[in-house]
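The values are calculated or read from the model by the stated rules, or taken from the named source; none is laboratory data. This is a predicted model, so every value here is computed, not measured. Here the Cβ positions follow ideal geometry from the backbone for every residue, glycine too, while neighbour counts run over all protein chains shown. Protein only, heavy atoms only, side chains kept; ligands, DNA and RNA dropped before computing areas. Shrake-Rupley method; radii C 1.70, N 1.55, O 1.52, S 1.80 Å.
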Amino acid sequence: MALDTNEVRLAPNGSVWVGPVGVTEPTNTSTAWATVDSDWMDFGYINEDGVSVTPSVDTNSIRAWQSLHDLKRPIVGVEFEVSFVPMQVNQTTVGVYFLGSEDDFENVGGATGRLEIPNSPGTQERALGIEWTDDEGDVNRLVVPRAQITDREALQLQRPEALTFGVTFVALAGPAGYMGVFLSDNLDLIPAT
């Protein structure tokens, strides 16, 4: 493989989507998320750090008395985390942050929105979608059909700062035998036929 600066890409902007487990997954990069399935909801603005996707592989060291090196390292776990910090105050962001959903808000008298924060919120499983257009104009999507909220950052209420609702999701085993799907219209990633 030759050195090629065109294959060095940036992710200057994008969007993060959430939906119920079982929501229809996109099969390409051109169909709008809400057209794929109206249950996909956009978080809106994400802070300038963007989205962090962290894959990990856990292994087990098999050692013997006669060797200083591992004899084998079987894989005992595979996962990846997705972390991001939504900035918009909307029903999707606030609902997910407080372990509910946008569907859990009630209209009280036409002047107040109410979200009950549950004592026992359940597993908090969602489908997650991340889309970004790179600096060459190629659209990329990472779809996680089943993810669980595992962490939330502190909500800081401060005069000079925007409210942010930092969350971390961990991909779970998906219903179709995979924990995620990566889609791209980058020609370098499309195999020849």
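Just to confirm the filter: which GluC sites (Glu not before Pro) across region 86-180 are DSSP coil and have at most 13 other Cβ within 10 angstrom of their Cβ?
Glu116, Glu136, Glu153, Glu161
Compute the Rg/Rh shape ratio of region 70-131: radius of gyration over Kirkwood radius, all on alpha-carbon atoms.
1.21
Suppose a student asked you for the relative contact order of the chain, using Cα pairs under 8 Å spaced at least 6 residues apart; what percent would you report?
Relative contact order for the chain comes out at 23 percent.
For Asn186, put the label point 7 Å out on the Cα→Cβ axis and report which residues of region 1-23 keep their amide N under 11 Å from it.
Output list for this probe position: 6-11.
In whole Å, how far is the Cα centre of region 114-134 from that of region 3-77?
Taking the Cα centre of each part, region 114-134 and region 3-77 sit 16 Å apart.
What does the charge add up to near Asp39, with Lys and Arg as +1, Asp and Glu as -1, over the other residues with Cβ less than 11 Å from its Cβ?
Values: positive: Arg126; negative: Asp37, Glu102, Asp103.
Surrounding charge for Asp39 is -2.
If the elastic network links every pair of Cα atoms under 10 Å, which of Val76, Val57, Val139 fluctuates the most in the Gaussian network model of the chain?
Top of the fluctuation ranking is Val76.
Which net charge results for the neighbourhood of Leu128, defined as the other residues with beta-carbon distances under 13 angstrom from its beta-carbon, given Lys and Arg at +1 and Asp and Glu at -1?
-3
Which of the listed residues, Thr92, Leu172, Trp17, is farthest toward the dipole's positive end in the chain, when Lys, Arg count +1 and Asp, Glu count -1 at the beta-carbon?
Comparing the listed Cα positions along the dipole, Leu172 ranks first.
What does the C-alpha gyration tensor say about the overall shape of region 1-100? Classify as rounded when a/c is under 1.5, otherwise prolate if a/b is larger than b/c, or oblate.
Since a/c reaches 1.5 and a/b is larger than b/c, the shape of region 1-100 is classed as prolate.
For the chain, set up a Gaussian network in which alpha carbons nearer than 10 Å are linked by springs, and say which option among Asp134, Asp42, Asp70 fluctuates the most.
Fluctuation is largest for Asp70.
How big is the dipole moment of the chain about its Cα centre under a simple scheme where the beta carbon of each Lys and Arg is +1, that of each Asp and Glu is -1, and everything else is neutral? Debye, nearest 20, please. Mind showing how you got there, number by number?
Values: 10 positive and 28 negative charges, 143 e Å.
Its charge dipole is roughly 680 debye.
Could you work out the relative contact order of region 81-193, using alpha carbon pairs under 8 angstrom and six or more residues apart, expressed as a whole percent?
Value for region 81-193: 27 percent.
Find out how many positive minus negative residues lie around Leu183, taking Lys and Arg as positive, Asp and Glu as negative, among other residues whose Cβ is under 12 Å from that of Leu183.
Working: positive: Arg141; negative: Glu25, Glu131, Asp138, Asp185.
So the surrounding residues net to -3.
How large is the charge dipole for region 80-164, taken about the Cα centre, if only the Cβ atoms of Lys, Arg (+1) and Asp, Glu (-1) carry charge, to the nearest 20 debye? Intermediate results must be reported in sequence, preceding the final value.
Numbers: 6 positive and 15 negative charges, 78 e Å.
Computed about the Cα centre, the dipole is about 380 debye.
If I model a spin label at Asn13 and Val57 as a point 7 Å from the Cα along the Cα→Cβ vector, what separation in nanometres do I get?
Here the modelled spin labels are 3.7 nm apart.
State the percentage of accessible surface on region 75-193 attributable to carbon and sulfur atoms; use a 1.4 Å probe and exclude ligands, DNA and RNA.
Looking at region 75-193 in its full context, I get 50 percent from C and S.
With the Cα gyration tensor of region 101-149 giving a ≥ b ≥ c as the square roots of its eigenvalues, does the rule (a/c under 1.5 for rounded; else a/b larger than b/c for prolate; else oblate) give rounded, prolate or oblate?
Details: a/c = 5.15, a/b = 1.83, b/c = 2.81.
Judged from the Cα gyration tensor, region 101-149 comes out oblate (a/c at least 1.5, b/c at or above a/b).
With a probe of 1.4 Å, find how much accessible area the chain has per residue, and write the answer as a whole number in Å².
Using a 1.4 Å probe on heavy atoms only, each residue of the chain averages 63 Å².
Can you tell me how region 20-178 classifies by the Cα gyration tensor, rounded, prolate or oblate, using a/c under 1.5 as the rounded cut?
Judged from the Cα gyration tensor, region 20-178 comes out prolate (a/c at least 1.5, a/b above b/c).
Normalising by the residue count of region 60-112, find the relative contact order in percent from Cα pairs under 8 Å and 6+ residues apart.
Rounded, it is 18 percent for region 60-112.
Using a 10 angstrom cutoff on alpha carbons, build the Gaussian network for the chain and name the most mobile of Ser67, Ser15, Ser56.
Between Ser67, Ser15, Ser56, it is Ser67 that shows the largest mean-square fluctuation.
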